[in-house]
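Contents: one structure, followed by commentary.
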Amino acid sequence: MGAWSELDAAYPPGALTPGAAFVAALAHLHGATSIYDSTGALMRFVPDAGRGLALDNDLIERVERSLRHVPLDDFLREARERLNHAQRRCLALNLLDATLAAGASSAVRERYHMLIEGLGIPAEMIEPYRPALTLKNDLSIFPQ
């Protein structure tokens, strides 16, 4: 368990926060260049606020700045430095889940591998979860 100071971190305006890194990474996975563009439907990337990540103007502005003005390599470097181990694991699992949910899209799979590598997430961190997430997303097992 981390220190309370991790929860009370104060980030300068415009800086990438762990929450903004989470949302921006999911947006990058789907090729969004804005959380408002056709591929970046905002609510697609932000989980229910009851799960810990609240959508507010600050988060939206940080994500939008990251998507529009920060080159992907710089985003990956900053996110890699900003996220702790648990946050990287959570993000990796969400990226894998979203990739599997996207089906056979080769573009999404390519971006997934680029994000995982760029965030410095080792395969052994997420591979044990792949069978469960694959099953979760395989709705073909239900005959009609």
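The values are calculated or read from the model by the stated rules, or taken from the named source; none is laboratory data. Since this is a predicted model, take the numbers as computed values, not measurements. Note: ideal-geometry Cβ built from the backbone for every residue, glycine included; neighbour counts use all protein chains shown.
Structure summary
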quantity	calculated
Given (1) at pLDDT below 95; (2) small (Gly, Ala, Ser); (3) more than 14 Å from the chain's Cα centre (by Cα), number of the condition ALA132 does not satisfy	(1)
Some residue of segment 88-103 being more than 13 Å from LEU26 (Cβ to Cβ), modelled with pLDDT of 95 or more and loosely packed, with under 11 Cβ neighbours inside 10 Å	no
Filter result for the condition that a residue is out of contact with any helix residue (DSSP H, G or I) (no Cβ under 8 Å at 6 or more places or on another chain) and modelled with pLDDT of 95 or more, over ASP56, ASP8, ASP74, ASP37	ASP74
Any chance ILE126 is crowded, with 17+ Cβ neighbours inside 10 Å and outside any helix (DSSP H, G or I)	no
Pairs, first in contact (Cβ under 8 Å) with a residue 60 or more places away in the chain in segment 114-143, second exposed (fewer than 15 other Cβ atoms within 10 Å of the Cβ) and aromatic (Phe, Trp, Tyr), C-beta under 6 Å, six or more apart	none
So ALA27, is it small (Gly, Ala, Ser), surrounded by 19 or more Cβ atoms within 10 Å (Cβ to Cβ), within 24 Å of SER106 (Cα to Cα) and modelled with pLDDT of 95 or more	no
One residue from VAL46, VAL63 being of a type in the set (A, V, I, L, M, F, W, C), under 20 Å from ALA92 (Cβ atoms), at pLDDT below 85 and surrounded by 19 or more Cβ atoms within 10 Å (Cβ to Cβ)	VAL46
